[in-house]
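Enquirer: Structure provided below as structure tokens; questions to follow.
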Amino acid sequence: MWTPAALLALCFGLNAAQIGAKCGAPPMRRLTVPSLRVVGGTEATYGSHPWLVSLQNRGSHFCGGAILTERWIMTAAHCFTSLSKEFVSGVRVLVGKFDLRVNNKEEQVFHIKSVSVHEKYNPALPMNYDIALVELDAHIQMGSHVHPMCLPLPDENIPPRTSCMVGGWGRTKERGRLSPVLREVHVDLVDPARCKHVLQTLKASFLSQRTGQLPPVMTVLCAGPESGGRDACQGDSGGPLVCPAGLGSSHWVVLGITSWGKGCGRSWGNNSSRPPSRRGSPGIFTDVKLLLPWIKSKLREGYSILLEFDHFDVENDTYCQFDRLTFYTATNRRIGCGTVVLVEDQVTLHSPNYPQSYNNDCVLRWVICAPQGHVVKLDFAEFDLEESERCLYDSLSVLGDVEGTEEIALLCGGSIPPPVLSYSSIMVLQFMSDGTVAHKGFRAALTFIRITGFLPSPHPAVF
């Protein structure tokens with residue numbers, strides 16, 4: 001069932017330059033390439049963590065984060081110990097970074113519009129609800145080295161001992177220096193029962209003065225070898241723990257947010273036999289899957305509808321040249337990782353690249369659903385498509401149903417068409433261009449009109 005007042009645009013253009021950013025898919029190489037042993041890791045390949053961002057204050061890196069959409073970054077709550085206007089206004093979010101010492105090709109710098117820290121965040125260890133969402137003051141331009149990261153599905157099953165990845169510019173050893181170049185390390189997920197047991201061994205040194213026991217609900221997960229040697233460290237906080245969505249999958253999801261650890265890369269298998277000050281831990285990460293409802297509620301403040309797939313089967317190729325699904329907002333901006341915006345009254349739609357010429361060999365489809373009891377009205381402000389008999393070359397079809405069996409109007413040429421009304425609460429627009437001449441395209445206003453006891457006749461309505 002279509003959600004009322006939702007706009008879903010599907011673009012199947014043949015030009016690879018039209019492809020939108022795919023979340024969780026590194027463009028340079030598969031992340032399953034083994035690391036040598038961040039701590040115990042190795043220098044990353046430029047572009048292999050396109051979702052990773054650097055949070056900086058006065059030019060100094062202090063935390064990482066992950067791109068969720070073109071406007072939202074996910075990080076750790078403890079990265080924002082102060083939410084004062086003075087501190088937040090001084091933070092810069094750097095996207096597309098690799099070497100902090102130089103300007104990288106697709107680097108972008110943003111100010112922060114708002115910060116949402118989880119209401120239940122508790123800085124007392126085990127640091128429950130250590131998550132924050134950062135809204136940027138402008139939209140990220142996605143590219144070959146800048147992609148969003150995918151959230152996991154609520155029922156995503158990623159078992160213990162799965163090899164996951166952490167990246168960041170944090171310390172390369174305990175009490176060491178921050179790395180100027182992005183590093184990465186592979187760490188295996190720890191069984192939840194084992195994770196809880198390790199946290200119990202740290203209780204004496206961490207928790208007894210505050211609560212005396214672990215909280216009944218913990219929003220953390222563990223990753224890292226018992227023998228130590230591979231771990232995140234200070235400066236990696238807020239960065240994502242990314243894991244393959246399936247065995248051998250090239251699609252990755254953010255399962256955790258780097259939160260804390262006892263030391264960096266210490267062994268922790270024999271904690272009970274050590275004095276508290278010398279005990280270690282695996283990396284402790286915020287469990288993103290447990291906090292999906294909160295994340296989605298915050299995203300809905302900017303993106304009113306969240307679209308999730310429980311099944312997706314489209315031909316797979318490196319650049320999605322054959323089959324693909326791309327999502328657009330009402331202003332034709334590509335949006336990341338399965339989000340769809342609410343179409344409010346008086347929305348403006350336009351052809352790709354407007355007011356420049358549209359692309360050749362493109363098919364762009366909008367499905368517009370008005371609230372129940374309304375019809376859709378389309379008013380054209382500009383219209384310039386290649387003219388041909390029966391609109392064979394470039395065209396805009398206005399349809400009355402999703403299946404495309406009810407054609408309301410077929411438009412092309414250089415004259416502004418009269419306003420068009422839908423037959424019901426659904427209107428489908430389909431823009432098509434061939435491989436030759438390209439014109440300026442179209443711009444139209446979309447409104448919803450309440451009906452009172454009548455429906456428009458199955459012909460274009462002129463006002």
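The values are calculated or read from the model by the stated rules, or taken from the named source; none is laboratory data. Predicted, not measured: the structure shown is a model, and the values here were computed from it. For neighbour counting, all protein chains shown are included, and Cβ atoms are generated from backbone atoms with ideal geometry for every residue, glycine included. Remember, those area values only see protein heavy atoms, side chains included, never the ligands or the DNA or RNA. Shrake-Rupley method; radii C 1.70, N 1.55, O 1.52, S 1.80 Å.
Enquirer: How many residues does segment 66-90 hold that are assigned to a strand (DSSP E or B), of a type outside the set (S, T, N, Q) and out of contact with any helix residue (DSSP H, G or I) (no Cβ under 8 Å at 6 or more places or on another chain)?
Expert: The qualifying residues number 3.
Enquirer: Considering only segment 391-408, state which residues are assigned to a loop (DSSP other than H, G, I, E, B), hydroxyl-bearing (Ser, Thr, Tyr) and surrounded by 14 or more Cβ atoms within 10 Å (Cβ to Cβ).
Expert: The answer is 393, and nothing else.
Enquirer: Being within 20 Å of residue 299 (Cβ to Cβ) and of a type in the set (A, V, I, L, M, F, W, C) is the filter here; which residues of segment 88-134 pass it?
Expert: 88, 93, 95, 110, 112, 115, 117, 131, 132, 133, 134
Enquirer: Let me ask something additional. Which numbered condition trips up residue 92, out of (1) open to solvent by 40 Å² or more (accessible area, probe 1.4 Å); (2) over 22 Å from the mean Cα position of the chain (by Cα)?
Expert: The number of the failed condition is (2).
Enquirer: Oh, and also: Which of the residues that make up segment 368-384 are open to solvent by less than 10 Å² (accessible area, probe 1.4 Å) and out of contact with any Phe, Trp or Tyr (no Cβ under 7 Å at 6 or more places or on another chain)?
Expert: Of everything in segment 368-384, those that are open to solvent by less than 10 Å² (accessible area, probe 1.4 Å) and out of contact with any Phe, Trp or Tyr (no Cβ under 7 Å at 6 or more places or on another chain) turn out to be 368, 375, 378.
Enquirer: Scan segment 409-435 for residues that are surrounded by fewer than 16 Cβ atoms within 10 Å (Cβ to Cβ) and under 35 Å from the mean Cα position of the chain (by Cα) and jot them down.
Expert: Within segment 409-435, 434, 435 qualify.
Enquirer: Shifting gears a bit: Please verify whether residue 232 is modelled with pLDDT under 85 and open to solvent by less than 20 Å² (accessible area, probe 1.4 Å), treating the condition exactly as stated.
Expert: Against the criterion (modelled with pLDDT under 85 and open to solvent by less than 20 Å² (accessible area, probe 1.4 Å)), residue 232 qualifies.
Enquirer: Now for a different question. Give the residues of segment 240-294 that are modelled with pLDDT of 90 or more, surrounded by fewer than 18 Cβ atoms within 10 Å (Cβ to Cβ) and closer than 21 Å to residue 159 by Cβ, sorted by residue number.
Expert: Listed by number, the residues that qualify are 290, 292.
Enquirer: Please specify each residue of segment 215-228 satisfying the condition of being of a type outside the set (S, T, N, Q), modelled with pLDDT under 90 and either open to solvent by 20 Å² or more (accessible area, probe 1.4 Å) or not in a loop (DSSP other than H, G, I, E, B) (or both).
Expert: Answer for segment 215-228, where residues must be of a type outside the set (S, T, N, Q), modelled with pLDDT under 90 and either open to solvent by 20 Å² or more (accessible area, probe 1.4 Å) or not in a loop (DSSP other than H, G, I, E, B) (or both): 215, 216, 217, 218, 225, 226.
Enquirer: Could you list, in sequence order, the residues of segment 48-68 that are surrounded by 23 or more Cβ atoms within 10 Å (Cβ to Cβ) and either farther than 21 Å from residue 165 by Cα or of a type outside the set (A, V, I, L, M) (or both)?
Expert: Once the filter is applied, which keeps residues that are surrounded by 23 or more Cβ atoms within 10 Å (Cβ to Cβ) and either farther than 21 Å from residue 165 by Cα or of a type outside the set (A, V, I, L, M) (or both), segment 48-68 yields 49, 50, 51, 54, 63, 64, 65.
Enquirer: Within segment 29-46, identify whether any single residue is in a strand (DSSP E or B), modelled with pLDDT of 85 or more and touching a strand residue (DSSP E or B) at 6+ places or on another chain (Cβ under 8 Å), and answer yes or no.
Expert: No, there is no match, as no residue in segment 29-46 is in a strand (DSSP E or B), modelled with pLDDT of 85 or more and touching a strand residue (DSSP E or B) at 6+ places or on another chain (Cβ under 8 Å).
Enquirer: Go through segment 195-205 and give me each residue that's buried (at least 18 other Cβ atoms within 10 Å of the Cβ) and either modelled with pLDDT of 85 or more or not in a loop (DSSP other than H, G, I, E, B) (or both).
Expert: Residues satisfying the conditions are 195, 198, 199, 201.
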